[in-house]
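Report on one structure; see the data block that follows.
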Amino acid sequence: MKGRFITLEGSEGAGKSTNVDTVCATLESANIEFVRTREPGGTPMAEALRATMLEPWEETVDGLTELLLVFAARAQHLNNVILPALNRGQWVVCDRFTDATFAYQGYGRQLDLSKLEVLESWVQSDLQPDLTVYLDLDPAVAELRIADREKDRMESEQRAFFLRVREGYLARAAEHQRFQTVDASQPLAEVRAQVAGCIGDFIARSALQ
Ligand code: T5A
């Protein structure tokens, strides 16, 4: 089987970290070799760009600066981690990818989507995830889940921002067949079972191709 590219998406508090573990456990049970990684980040330099992006600067951070930081980190990550792994035949499990850029910078920051499309095509050519599991959650519920967390610059945004982020994810999910949307407001055990089901189905479909 050739390498497949799986991404996990969702806004803060939706349970991504928790469910990336579920995705990886399902692949392990099927004896599939994979690389687990995340965005922004995934290499030492890309992690440094992530830290710069999430730091609560005293100066205003321009939306375009944020967008370019995300894509700079992505170029580094793609060429050093994701593409080499896929070319070796390994699967890649990535916590967030370009759908997050459309949701956060496109819808959240309200940047021109055509600028994002140009950068997407420039940085990743025609590479797209094979499967995207989206954990959908009302921002009001998400706020309660992460209430005790020390907030980074993105997490400190207002609810209106996260409502736009969710709208962005739902628009992407409606537009792209690779999306599987899971209702993340359900009890964790149920969310985990559904995520494992999505991965199991995808493994079965991939084996037939
Ligand atoms: N970003 C990223 C952009 O702006 N543009 C981009 O292009 C990209 C790639 C970093 C930030 O970067 C931005 C988006 C982000 O702001 P991140 O580290 O992935 O990205 O951000 P977080 O969303 O903060 O990631 P976490 O890994 O912390 O994930 P979650 O979703 O907050 O998940 P988790 O698992 O820690 O869960 C939160 C809490 O909820 C509980 C968990 O136990 C935990 O306590 N929980 C549940 N409780 C009840 N029921 C359930 N079903 C639950 N599921 C989880």
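How about segment 1-102: which GluC sites (Glu not before Pro) there lie in a loop by DSSP and see at most 11 other Cβ atoms within 10 Å? Don't skip to the answer; put the middle values down first.
Working: sites: 9, 12, 28, 33, 47, 58, 59, 66; in loops: 12, 33, 58, 59.
Those satisfying the criteria are 58, 59.
Rounded to whole Hz and in sequence order, give me ³J(HN,Hα) for segment 25-30 from the Karplus expression 6.51 cos²θ - 1.76 cosθ + 1.60, θ = phi - 60°, writing x for Gly and Pro.
Karplus values, whole Hz, x for Gly and Pro: 5, 5, 5, 4, 4, 8.
Cut-off under 19 Å on the C-alpha distance; same-chain residues fewer than 8 positions from residue 16 excluded. Which lysines are left, in chain and number order?
Output for residue 16: 151.
Just the number, please: Stokes-Einstein D of the chain in µm²/s, Kirkwood Rh from C-alpha pairs, 37 °C, 0.692 mPa s. Spell out each step's value before the answer.
Values: Rh = 17.5 Å.
Once the numbers are plugged in, D ends up at 188 µm²/s.
Taking 0.36 nm per residue of sequence separation and subtracting the Cα-Cα distance, how much length would be gained by fully extending the chain between residue 33 and residue 138, in nm to one decimal?
On the way: separation 105, 0.36 × 105 = 37.80 nm, distance 3.40 nm.
This chain segment gains 34.4 nm when fully extended.
For segment 1-110, run through the trypsin sites (Lys or Arg not before Pro) and keep only the ones in DSSP coil with at most 12 other Cβ atoms within 10 Å of their Cβ. Before the final figure, lay out each step's value.
Working: sites: 2, 4, 16, 36, 38, 50, 74, 88, 96, 109; in loops: 2, 4, 96, 109.
Passing sites in segment 1-110 are 2.
Just so you know, all these numbers are worked out from the coordinates, no wet-lab data involved. All values reported here derive from a predicted model rather than from experimental measurement. Counting neighbours? That spans all protein chains shown, and the Cβs are built from the backbone with ideal geometry, glycine included.
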